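Undergrad: Pasting a structure here, questions to come.
FYI, it's all coordinate maths here, none of it is from the lab. All figures in this text were calculated on a predicted structure; none of them were measured in a lab. Reconstructed Cβ throughout: ideal geometry from the backbone, glycine too, with neighbour counts over all protein chains shown.
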Amino acid sequence: MSDLVVVTGGAGFLGSNLCDRLLAMGRRVVALDDLSTGDEAHVSHLAANPNFELHRHDVTQVWPQRLEGPSRIFNLACPASPAYYQQHPVRTTLTSAIGMWRVLEAALHSGSRVLQGSTSEVYGDPEVHPQKESYHGLVNPIGPRSCYDEGKRVAEAMCFAYHRERGLPVRLVRIFNSYGPRLRAGDGRVVSNFIVQALQGEPLTLYGKGEQTRSFCYVDDTVDGLLRMMEADIEGPVNIGNPTEHTVQELAELVLRLTGSRSKIEYHPLPADDPRRRRPDITLASTKLGWVPRVSLEDGLRETIAHFRRQLGLADRLAA
Ligand code: NAD
Ligand code: UDP
């Protein structure tokens, strides 16, 4: 079996953290990334590593000819920030759908196993709480988030079509909100927005009344879940996320406390179709993968705040 692993979206937030872990495990890694929301700086520390290569490539295009057959492909290429993907709905739909098709065809050709990084967004604005993998979701197929939600749903369908019809080994994980170092300051997601705003003394932009909930999983835990799922003997889908649920108001207050910021909270209109509640049921992950998240929100936020302090050139000092 080849020790080569391909990570699409390998210069992104989750992808670059995954590349680090795979290299530490002794794998050779090729990251395929068009750098649309990723950053070369996320993998610049790997530039001299002979086991790592960043290949600038758009996954909607023909798979790179010279790439030798990997044994494993993690498919993470897709923008994940709602603020970003709602500005690029065509590109997002194509990246999920065509990108998935190209990955699956390449995997058939090289005999690779594919892990698809799906999302809790396939549950849409869920009526069932917490969300189990058996729930089929409530997605608005033509709403502003549908480019992402439906793109990921078609990618899931395609994985199982290739599995059923062609016998391709696939693994499906539904990732819930993850955060940590290498989120970009301008990414637009809530954790990076609040931390950067707090550190810069700007108002925290809270959408709606802050009553909507999310369950935030630290990146090291998420990456650990992806690695376990890739080697598991089930296709999934399996939820990977932290089951501790917080309102967005609670998150804002926690960020203010941990940064020691005097920023105010400023309330803005809630975007259309913003899911009201989200929390994973992780029974499957814990029983089938032996996976549970280890890092508390407070500890994970401290690490993430330290990362943004360094990135913004502020002293590496925490208030609490
Ligand atoms: P990210 O935006 O940091 O990473 C996505 C990466 O994919 C970027 O490096 C980007 O440049 C690259 N990319 C985008 N379109 C591409 C294309 N057409 N060709 C090649 N590369 C392309 O986001 P992330 O948070 O690291 O998310 C990674 C994956 O995990 C995504 O598929 C996302 O849907 C999924 N996911 C993430 C979360 C989360 O909370 N972080 C939650 C659910 C699912
Ligand atoms: N949100 C917010 N302020 C921001 C960014 C996001 O209040 O500056 C809210 C957003 O409306 C949503 C939650 O935080 O209810 C999580 O948003 P994010 O974009 O991080 O991801 P989502 O879970 O919506 O995909």
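Undergrad: Counting other beta carbons within 10 Å of each residue's own, what order do ASP33, ASP220, ASP299, ASP3 fall into, fewest first?
TA: Details: ASP33 27, ASP220 18, ASP299 11, ASP3 14.
In increasing order of surrounding Cβ atoms, one gets ASP299, ASP3, ASP220, ASP33.
Undergrad: Still on this structure, I have one more. Quote the relative contact order of region 32-185 in percent (integer), defining contacts as alpha-carbon pairs under 8 Å separated by 6+ residues.
TA: On the way: 204 pairs, mean separation 37.3, N = 154.
Worked out over region 32-185, it gives 24 percent.
Undergrad: With angles folded into 0 to 90 degrees, how steeply does helix 146-166 sit against the dominant principal axis of the chain? Use alpha carbons for both and round to 10.
TA: Compared with the principal axis, the helix lies near 30 degrees.
Undergrad: Find, to one decimal place in angstroms, the Kirkwood hydrodynamic radius of region 169-224, where the mean of 1/r is taken over every pair of different Cα atoms and then inverted.
TA: Numbers: mean 1/r = 0.0763 Å⁻¹.
It works out to 13.1 Å.
Undergrad: Still on this model: Picking from ASN193, SER215, MET230, whose Cα lies most toward the positive end of the charge dipole for region 188-236 (charges on Cβ: Lys, Arg +1; Asp, Glu -1)?
TA: Of ASN193, SER215, MET230, it is ASN193.
Undergrad: Does region 13-161 classify as rounded, prolate or oblate by the C-alpha gyration tensor (a ≥ b ≥ c root eigenvalues; a/c under 1.5 gives rounded; else a/b over b/c gives prolate, otherwise oblate)?
TA: Working: a/c = 1.79, a/b = 1.65, b/c = 1.09.
Judged from the Cα gyration tensor, region 13-161 comes out prolate (a/c at least 1.5, a/b above b/c).
Undergrad: Under a point spin-label approximation (7 Å from Cα along Cα-to-Cβ), what is the ASP274-THR247 distance to one decimal in nm?
TA: So the two model labels end up 1.3 nm from each other.
Undergrad: When a footprinting reagent is the concern and you count Cβ atoms within 10 Å, what order do THR213, THR283 take, fewest first?
TA: Numbers: THR213 18, THR283 14.
By the 10 Å Cβ count, ascending, the order reads THR283, THR213.
Undergrad: Also, quick follow-up: What is the angle, in °, between the Cα long axis of helix 13-24 and the longest principal axis of the Cα atoms in the chain? Nearest 10 is fine, range 0 to 90.
TA: 60 degrees
Undergrad: Full extension from ALA83 to MET1: what is 0.36 nm times the residue separation minus their Cα-Cα distance, to one decimal in nm? All intermediate terms of the calculation are to be shown ahead of the outcome.
TA: Values: separation 82, 0.36 × 82 = 29.52 nm, distance 4.04 nm.
The span from ALA83 to MET1 would gain 25.5 nm if fully extended.
Undergrad: Let me ask another. Pairing the Cα long axis of helix 297-311 with the longest principal axis of the chain, what angle in degrees results, from 0 to 90 and rounded to the nearest 10?
TA: Helix 297-311 sits roughly 90 degrees off the main axis of the chain.
Undergrad: Next question. Using θ = phi - 60° and the Karplus curve 6.51 cos²θ - 1.76 cosθ + 1.60, what whole-Hz ³J(HN,Hα) does each residue of region 214-221 get, with Gly and Pro shown as x?
TA: These are the phi-based 3J(HN,Hα) values: 9, 10, 9, 10, 5, 4, 4, 5 Hz.
Undergrad: Still on this model: Rg and Dmax of region 83-193 over Cα atoms: what are they, in angstrom?
TA: Rg then Dmax for region 83-193, in Å: 15.0, 43.
Undergrad: Which whole-Hz couplings ³J(HN,Hα) result when phi for each residue of region 287-295 is put into the Karplus expression 6.51 cos²θ - 1.76 cosθ + 1.60, θ = phi - 60°, listed in order with x for Gly and Pro?
TA: Computed from phi, the couplings for region 287-295 are 7, 8, 10, x, 10, 9, x, 10, 9 Hz.
Undergrad: In what order do GLU250, GLU133, GLU231 fall by count of nearby beta-carbon atoms within 10 Å, going from fewest to most?
TA: Starting with the residue having the fewest Cβ neighbours, the order is GLU231, GLU250, GLU133.
Undergrad: Cα convex hull of the chain: mean projected area in nm², to one decimal?
TA: Working: hull surface 61.8 nm².
Result: a mean projected hull area of 15.5 nm².
Undergrad: Do the sum for the chain: with -39,500 (n - 2.57) for every DSSP H run of n ≥ 4, divided by all residues, what is the mean residue ellipticity at 222 nm, to the nearest 500 deg cm²/dmol?
TA: Values: 8 runs with 109 residues, N = 320.
Only helices count here, giving -11000 deg cm²/dmol.
Undergrad: Under 5 Å between amide H atoms, partner at least 5 residues away or on a different chain: which partners does GLY260 have, H built in plane at 1.01 Å?
TA: Excluding prolines and chain starts, which carry no amide H, the hits are ALA319.
Undergrad: Within the chain, what's the longest stretch lacking trypsin sites (Lys or Arg not before Pro) that sit in DSSP loops with no more than 16 other Cβ atoms inside 10 Å? Show your work: numbers first, answer last.
TA: On the way: sites that count: ARG66, LYS132, LYS209, ARG262, LYS264, ARG276, ARG294, ARG317.
The answer is 133-208.
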